[in-house]
Structure formats: C-alpha cells, structure tokens
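To start, the structure itself, in structure tokens.
The values are calculated or read from the model by the stated rules, or taken from the named source; none is laboratory data. This structure is a prediction, so every number in the text was calculated from the model and none was measured. FYI the Cβ positions are ideal-geometry reconstructions off the backbone, even for glycines, and counts take in every protein chain you see.
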Amino acid sequence: MKYGEIKTNDIANGEGVRTSLFVSGCTHHCKECFNPDTWSFNFGEEFTAETEDYILKSLAPYWIDGLSLLGGEPFEPSNQKALYPFLVKVKEQYPNKDIWCYSGYTFEELIGESRATCEVTMDMLKMIDVLVDGEFKIDLKDISLKFRGSSNQRIIDVKKSLEEGKIILYMQ
C-alpha cells in the first residue's frame, strides 16, 4: 500500500486533535474530489514498518485523540489488507484512542457483498469507532456540515451499529 500524506496534530478530520493517514488508491473517482491525486494506487510513499512506527509515535501525546483514515479509499481491498494489521497495533498500543475512517463505500456495502468486501473487511470495520460513509456528491455539497462534505454522507457509530444491527449515527 502507498499513502499520500500523514498529518499530525490535525483538527479537520474527526473530533479533537488527531493523526490523519491519507492512503492511496480509490476507484470511486468522485466528481470534484478534494484529493484526486490519491486515486492512483501508485501515488505517494510506500507504507512501511517505519511509517507505522512514525504514526504510532505521533499518537502517543495525551492531547492526540486518535487516528483518522482517509484517502484515497481506506476500504479498497488492497488497502484493507495493509491497514487491518496496523489498526490492530494501534488498538493494542492505544486502547483509549479512537479511530475514524472516511469511506466512499456505505456502511451497508461494507457489511454486505460489494467490491469492497474481502477477507478482512469485517475485522477492519470492528477496529473503527466512527465511519463517515458515502461518496462525495458535488450536487449535495454543503460546507456547513461538520466532518463531511455532502449531505448524503453519514457519521456512524460503528460499534453501536454492529451491536444493534442497524445504523446508529454518531452523537457529537
């Protein structure tokens, strides 16, 4: 897997102060995407053990609330296979920090059969606390929305949604 950028002390991509990882590779190609460079699976730097260590160290300060995954598309199957073992490490080392994920796939697509589905999809989903789901839609763009770009996107409490078997929106 490759990544386009890592932002430490990020306040734009989830609640609180976060480290944000922008992975490369996306097949959605949303019209007027804010990050089209990351559509290519070959964009950016290789995600290595050193990259993982850098991110894990960046999560250490008490003022860092958690990790955010963006893209590109974290739930492209090839990205899931690289991210899932890393997310296990994050949760083991920082059990009280949350993980946010931005995906063009809907929650329903991730728990069902879709082009996103692979052998680690459900395991990866269980590592995530908050999912901002759905493709960005330019005709539904709304700059007043917090943590999302278009009104079709939802901010989902993944743990509660999986427990209850229905979508539970995240309460900010």
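Restricting to segment 88-97, what's the tally of residues that are touching a residue at least 12 places away in the same chain (Cβ under 8 Å) and either assigned to a loop (DSSP other than H, G, I, E, B) or touching a Lys or Arg at 6+ places or on another chain (Cβ under 9 Å) (or both)?
Filtering segment 88-97 down to residues touching a residue at least 12 places away in the same chain (Cβ under 8 Å) leaves 88-91, 93-94, 97.
The next check asks that each one be either assigned to a loop (DSSP other than H, G, I, E, B) or touching a Lys or Arg at 6+ places or on another chain (Cβ under 9 Å) (or both); those that pass are 90-91, 94, 97.
Number of matching residues: 4.
Out of N152, N96, report the one residue that is out of contact with any helix residue (DSSP H, G or I) (no Cβ under 9 Å at 6 or more places or on another chain) and modelled with pLDDT of 95 or more.
Details: N152 fails: out of contact with any helix residue (DSSP H, G or I) (no Cβ under 9 Å at 6 or more places or on another chain).
Result: N96 is the single residue among N152, N96 that is out of contact with any helix residue (DSSP H, G or I) (no Cβ under 9 Å at 6 or more places or on another chain) and modelled with pLDDT of 95 or more.
Before we move on, is L140 touching a Ser or Thr at 6+ places or on another chain (Cβ under 7 Å), among the hydrophobic types (A, V, I, L, M, F, W, C), modelled with pLDDT of 95 or more and surrounded by fewer than 17 Cβ atoms within 10 Å (Cβ to Cβ)? It would help to see each step written out before you state the result.
On the way: touching a Ser or Thr at 6+ places or on another chain (Cβ under 7 Å): yes; among the hydrophobic types (A, V, I, L, M, F, W, C): yes; modelled with pLDDT of 95 or more: yes; surrounded by fewer than 17 Cβ atoms within 10 Å (Cβ to Cβ): yes.
Here the answer is yes, as L140 does meet what is asked.
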*Going by the structure shown, is E109 under 17 Å from the mean Cα position of the chain (by Cα) and assigned to a loop (DSSP other than H, G, I, E, B)?*
no
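Report yes if F41 is among the hydrophobic types (A, V, I, L, M, F, W, C) and over 15 Å from the mean Cα position of the chain (by Cα), otherwise no. Outline the logic, then answer.
Working: among the hydrophobic types (A, V, I, L, M, F, W, C): yes; over 15 Å from the mean Cα position of the chain (by Cα): yes.
Yes, satisfied.
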*What are the residue pairs meeting all of these: first residue in segment 156-168, first residue crowded, with 17+ Cβ neighbours inside 10 Å, second residue in a loop (DSSP other than H, G, I, E, B) and hydroxyl-bearing (S, T, Y), Cβ atoms under 7 Å, and 6 or more apart or on different chains?*
I156/Y170; D157/Y170
